[in-house]
Protein chains: 2
Amino acid sequence: MTKERSYFEATALKRQHDLSPEHVPEVYHFDRTMSLIGMRYIEPPHIILRKGLIAGVEYPLLAEHMSEFMANTTVFNTLSSLATTTQHKSAVAEFCANVEICRLTEQVVFSDPYKISEFNRWTSPFLDTDAEAIRNDKILKLEVAELKSKFCEKTQALIHGDLHTSSVMVTKDSTQVIDPEFAFYGPMGFDIGAFIGNLFLAYFAQDGHVDHENDRKAYKAWILDTIVNTWNLFYKKFTSLWDTHKEGPGEAYIHEIYNDLELRELVKQKYMMDLFHDSLGFAAAKMIRRIVGVAHVEDFESISDLVKRSDCERRALDFAKNLMKKRRNFNTIIDVISVA
Amino acid sequence: MTKERSYFEATALKRQHDLSPEHVPEVYHFDRTMSLIGMRYIEPPHIILRKGLIAGVEYPLLAEHMSEFMANTTVFNTLSSLATTTQHKSAVAEFCANVEICRLTEQVVFSDPYKISEFNRWTSPFLDTDAEAIRNDKILKLEVAELKSKFCEKTQALIHGDLHTSSVMVTKDSTQVIDPEFAFYGPMGFDIGAFIGNLFLAYFAQDGHVDHENDRKAYKAWILDTIVNTWNLFYKKFTSLWDTHKEGPGEAYIHEIYNDLELRELVKQKYMMDLFHDSLGFAAAKMIRRIVGVAHVEDFESISDLVKRSDCERRALDFAKNLMKKRRNFNTIIDVISVA
């Protein structure tokens, strides 16, 4: 891939830091010729969130911080409230050049898992029939086409583009979102779904990390709570920012049209429900590709017993397939959790 | 507005002429500095289609030609089949610069008719309560927000952007699509809807053009037939081009995934149904704005008896409101016609 991706990483880091300074490290210097980013050192005891989730560490502020990051960085970068069409289209045009990395996502997330590809792998032979079932699942393939089209065409907001649990560094008190080299104008649900989907992967992997000291039951409950809180807090923060800035330019939802409380509430509910269903679809796509696609996650890979690992993976896969196909039937995140 | 729009008009004319040479005039020369377009003279007896529709002239090839123009110019410019993501994103970026003219559409089509605006006008006092009802219709305003977001965010294909019946010149044998200065990457349904919506305006205006020589009944039936044929022929031509080019790059619907006949048929049906519902929504938006917004159409304006004119307009408005709100309940274009 082109080294130009460092330009988009640095640019996205700066914009996201401006909008969410507590959760995005500061960029001190960027040299485009050298593809060099000088940025804040994220000091110990920060670790990659995924490592913490595998170790069974609770992060009580994680949902609060991640929902804040997602609400702040999207609401100010989407047409739904503050940016004018002119700003929006010029930013869309700029990030269209980050195309190589979008093509990579299109291939590894939305295409390869659904066809025979030399890059795919899975816990064989245990998941052989599961992987084949994905490739033969007509309804699933209809749904993934719709999600792929949204990923390619819906220039809703400047998104991180790769918001899984290895793009987040944490301590008990601090949450830092890094590595936005995949940033582009895409559907917001892709970020929310990436984060939630990877929390679900962590959840389904827990049974593989049980030992005589820890049955992981309480930890599994904490992960599910964190998923619930992430979405519900995001909903609250995003709509609250929307309310606060109601006198802003707000191209799509201008105040003179959506001019009474009931209507404003209705329009927000509709917008957020569409976003919720997008997020669930993308969460499912991100889960499936981590089990039968090219890039796997340490949550499962670190389970050395392959029977145990494949059992965990199969449960995650079945959950994800159901989530992608039935996403429009879920009205609340609690409904989703109850299926998991 | 900026004179740069002539650059986008010339560029779109060239691309559309390449893809649909029989229905788009050739550009011989473009001078960007002078904003000068040298193009084919569309000779008499070609007239603006809207004039023909008011005069009650039948154009037997209109649906055939317009469906061909819409299928050819969109299928090769959308991600659904032939363009790679790289080509798509670079073209999207280029046309993002045509933003001023997009902003104009956003305002006059999707905003002004739904709020009090100094630019709005209607056949007063006859339609005063109708115009007010639009501004107070919560469900309608929810729907128009979704359509506006799609217009602003969905970079589906290079569209004409202003495909009403005054952007088409006709004889009995020839159909020429002109004036694509509003061209940008947007939702395909916006073009299809513009054309169909303007045919419906022509249909509802016919009762105002009845005289003792012609009751216009046969002509009304011809307009409805033309609407039916336009959509059905577009469906046939678009999906047939999709089939023919199945071995092309086809980023969203690659052959190895959508690899059996049943699945290919399913995915096409789903895609086309979404496009149908988009088209109906945009058709309704384009009708409403021509009756209570800033720019009106000669179809109604040429009816000098204001009572008669406002009766025609009210029927069109009621039909359009219903169409926008219920568009997802229509499965075929015949269902739509039966409501009209």
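The values are calculated or read from the model by the stated rules, or taken from the named source; none is laboratory data. Being a predicted model, the structure only gives us computed values, none of them experimental. We place every Cβ from the backbone using ideal geometry, glycine too, and count neighbours over all the protein chains shown. Calculation scope for accessible area: heavy atoms of the full protein, side chains included, ligands and nucleic acids excluded. Shrake-Rupley method; radii C 1.70, N 1.55, O 1.52, S 1.80 Å.
A few comments on the model shown:
- Odd one out for A:GLU106 among (1) over 13 Å from the mean Cα position of the chain (by Cα); (2) touching a residue at least 24 places away in the same chain (Cβ under 8 Å); (3) surrounded by fewer than 23 Cβ atoms within 10 Å (Cβ to Cβ); (4) more than 13 Å from chain B (Cβ to nearest Cβ): (4)
- Within this structure, B:ALA194 fails the test of being part of a helix (DSSP H, G or I) and open to solvent by 10 Å² or more (accessible area, probe 1.4 Å).
- So B:ASP274, is it within 30 Å of B:ALA145 (Cβ to Cβ) and without any contact (Cβ under 8 Å) to a residue 60 or more places away in the chain: yes
- Which listed residue, of A:ASP173, A:ASP162, is of a type in the set (Asp, Glu) and under 22 Å from A:THR2 (Cα atoms): A:ASP162
Yes/no per residue for (1) farther than 19 Å from B:PRO180 by Cβ; (2) part of a loop (DSSP other than H, G, I, E, B):
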site	(1), (2)
B:THR2	no, yes
B:GLU9	no, no
B:THR33	yes, yes
B:TYR41	no, yes
B:LYS51	yes, no
B:SER67	no, no
B:THR74	no, no
B:THR86	yes, no
B:VAL92	no, no
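- Of the candidates B:ASP211, B:ASP225, B:ASP215, the single residue that is at pLDDT below 95, surrounded by fewer than 17 Cβ atoms within 10 Å (Cβ to Cβ) and of a type in the set (Asp, Glu) is B:ASP211.
- Close pairs from the range B:227-246: first in contact (Cβ under 8 Å) with a residue 60 or more places away in the chain, partner assigned to a helix (DSSP H, G or I) and of a type in the set (D, E, K, R), Cβ under 7 Å, at least 6 apart: B:LEU233/B:GLU64; B:LYS237/B:GLU68; B:TRP242/B:LYS268
- When the range B:175-191 is filtered for residues that are aromatic (Phe, Trp, Tyr), more than 28 Å from B:ALA340 (Cα to Cα) and open to solvent by less than 10 Å² (accessible area, probe 1.4 Å), only B:PHE184 remains.
- Residues in the range A:110-146 that are assigned to a helix (DSSP H, G or I) and more than 13 Å from every other protein chain (Cβ to nearest Cβ) were compared, and the one that is nearest to B:ASP274 (Cα to Cα) is A:ALA133.
- Among the conditions (1) touching a residue at least 24 places away in the same chain (Cβ under 8 Å); (2) within 14 Å of another protein chain (Cβ to nearest Cβ); (3) surrounded by 16 or more Cβ atoms within 10 Å (Cβ to Cβ), B:GLY56 misses just one, which is (2).
- Among the candidates A:GLU256, A:GLU301, the residue that is within 14 Å of another protein chain (Cβ to nearest Cβ), open to solvent by 10 Å² or more (accessible area, probe 1.4 Å) and over 18 Å from the mean Cα position of the chain (by Cα) is uniquely A:GLU256.
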